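A quick write-up on the structure given underneath.
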Amino acid sequence: MNKTTVGSSLAMAVLITGISFGAGLQTKNPYEGNQKMIKEGLKIYEFNCKSCHGEGAKGEICPDLTTKKKKYGNSDADLFDTIAKGKQGGMPNWDKTLGTEKIWKVIAYLRSIEK
Ligand code: HEC
């Protein structure tokens, strides 16, 4: 291996690590405003969340999710974190059950009904 090959494989390694890190730390919803994804998000919501958060996420025994003001923050990153990891007050964690893509879809749905 000459100097140039060592240099470029090093650059490749840095690039690949950079890309995988980027995906893990995504803080912006890639599906926001996408009608198809919002529809899928609605289905995910009805199947997994409605029993607690109610019809149209207006809150039942659990918090209303249509308000912009949220206890744990309302940025994409906050919502992702709350849904993925759960909260001590009885909110289950969904990272294993749903995974990243479905969590973003359900957030796209929640954004579409936000008041
Ligand atoms: C077993 C009942 C239950 C289910 C099912 C459930 N949640 Fe929750 N959720 C809660 C409770 C209880 C809280 C309040 C937690 C707290 O205040 O610590 C909460 C809080 C939240 C919050 C934070 C609200 C705020 O004001 O910060 C979000 C967002 C949320 N849930 C989204 C979801 C989504 C999306 C789903 C479906 C994938 C879901 N929840 C399923 C019970 C549930």
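We did not get these values from a lab; they are worked out from the coordinates using the rules stated. Keep in mind that this is a model prediction, so the values were computed, not measured. Here the Cβ positions follow ideal geometry from the backbone for every residue, glycine too, while neighbour counts run over all protein chains shown.
I'd like the residue in the range 61-115 that is in contact with a Leu (Cβ under 6 Å, 6 or more places away or on another chain) and more than 7 Å from the ligand (Cβ to nearest atom) and, out of all such residues, is farthest from LYS39 (Cα to Cα). Can you show your working first?
Quick first cut of the range 61-115, residues in contact with a Leu (Cβ under 6 Å, 6 or more places away or on another chain) only: 65, 107, 109-110.
From what's left, more than 7 Å from the ligand (Cβ to nearest atom): 107, 109.
On the way: ILE107: 11, TYR109: 7 Å.
Filtering first and then ranking leaves ILE107.
Scan the range 53-70 for residues that are farther than 20 Å from TYR31 by Cβ and either within 17 Å of the chain's Cα centre (by Cα) or touching a residue at least 24 places away in the same chain (Cβ under 8 Å) (or both) and report the count. Break it down into steps so the answer makes sense when it comes.
The initial filter retains those residues of the range 53-70 that are farther than 20 Å from TYR31 by Cβ, namely 54-55, 58-64, 67, 69.
Now narrow it down to the ones that are either within 17 Å of the chain's Cα centre (by Cα) or touching a residue at least 24 places away in the same chain (Cβ under 8 Å) (or both): 62, 67.
Within the range 53-70, residues that are farther than 20 Å from TYR31 by Cβ and either within 17 Å of the chain's Cα centre (by Cα) or touching a residue at least 24 places away in the same chain (Cβ under 8 Å) (or both) number 2.
Checking the conditions here, which among LYS85, LYS50, LYS28, LYS68 is within 19 Å of LYS115 (Cβ to Cβ) and loosely packed, with under 14 Cβ neighbours inside 10 Å? I'd like the intermediate steps shown before the answer.
Working: LYS85 fails: within 19 Å of LYS115 (Cβ to Cβ); LYS50 fails: loosely packed, with under 14 Cβ neighbours inside 10 Å; LYS28 fails: within 19 Å of LYS115 (Cβ to Cβ).
Every option except LYS68 fails the conditions.
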